[in-house]
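Student: Dropping the structure in here first, questions after.
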Amino acid sequence: MPRPTARGGHSYMPAMPKPSVVTIQPRRSPPIFVYKKCLGRIDDGKALRRGLKSEARRLGAGRAMKPPRIVLTGCMGICPKRAVVVASPATLERGQYLLLADGDSAANAAAILMPESSGIRGGK
């Protein structure tokens, strides 16, 4: 069926169907996943979240991409005592989860969660 144009005529090409899957390249580093319920169970959960966010921002400053978001998630199937389950696409690719006990561990965790060559492409 001919496709109308702005002037009321018809286009020489039929309308193409929209693709059902679209692949994009994000401008932001892959997210860091934090289990929300665990975060509320430890004493300094807010400090841990702030520490992860600031450390991710510091590590991402040298890259051409925006820093990752801290995404609060549901249960990951691991229930540690007095620790928070944290993961990123880089650690999940290796089948690893991090268990963080306090806000002081955020600096070391961010380096593991955001490796330079994680195999996950980003940027331009």
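The values are calculated or read from the model by the stated rules, or taken from the named source; none is laboratory data. Treat the numbers as computed from the prediction; the structure is a model and nothing was measured. Reconstructed Cβ throughout: ideal geometry from the backbone, glycine too, with neighbour counts over all protein chains shown.
Student: How many residues are part of a loop (DSSP other than H, G, I, E, B), farther than 11 Å from residue 32 by Cβ and charged (D, E, K, R) if we restrict to the range 51-92?
Tutor: Within the range 51-92, the first condition is being part of a loop (DSSP other than H, G, I, E, B), and the residues that meet it are 61-65, 67-69, 74-83, 88.
Retained after the next criterion (residues that are farther than 11 Å from residue 32 by Cβ): 61-65, 74-83.
Subset that is charged (D, E, K, R): 63, 81-82.
Residues meeting the conditions: 3.
Student: Among the candidates 123, 95, single out the residue that is surrounded by fewer than 18 Cβ atoms within 10 Å (Cβ to Cβ), at pLDDT below 85 and in a loop (DSSP other than H, G, I, E, B).
Tutor: 123
Student: Select from the range 29-50 the residues that are in contact (Cβ under 8 Å) with a residue 60 or more places away in the chain and either outside any loop (DSSP other than H, G, I, E, B) or closer than 16 Å to residue 83 by Cα (or both) and list them in ascending order.
Tutor: 32, 42
Student: Only one of 54, 118, 88 is under 25 Å from residue 24 (Cα atoms), of a type in the set (Ser, Thr, Tyr) and either surrounded by fewer than 15 Cβ atoms within 10 Å (Cβ to Cβ) or modelled with pLDDT of 85 or more (or both); which?
Tutor: 88
Student: Follow-up question, since we're still on this one. Cβ-Cβ distance below 6 Å, separation of 6 or more or different chains: which pairs start in the range 54-76 with a residue that is within 12 Å of residue 86 (Cβ to Cβ) and end on one that is surrounded by 13 or more Cβ atoms within 10 Å (Cβ to Cβ) and among the charged types (D, E, K, R)?
Tutor: Pairs found: 70/53; 72/36.
Student: All but one of (1) under 15 Å from the mean Cα position of the chain (by Cα); (2) surrounded by 14 or more Cβ atoms within 10 Å (Cβ to Cβ); (3) of a type outside the set (Ser, Thr, Tyr) hold for residue 80; which doesn't?
Tutor: Every condition holds for residue 80 apart from (1).
Student: Within the range 11-19, does at least one residue satisfy the condition of being modelled with pLDDT under 90, farther than 18 Å from residue 113 by Cα and surrounded by 11 or more Cβ atoms within 10 Å (Cβ to Cβ)?
Tutor: No, because not a single residue in the range 11-19 is modelled with pLDDT under 90, farther than 18 Å from residue 113 by Cα and surrounded by 11 or more Cβ atoms within 10 Å (Cβ to Cβ).
Student: State the number of residues belonging to the range 98-109 that are out of contact with any helix residue (DSSP H, G or I) (no Cβ under 8 Å at 6 or more places or on another chain) and assigned to a helix (DSSP H, G or I).
Tutor: Selection size over the range 98-109: 1.
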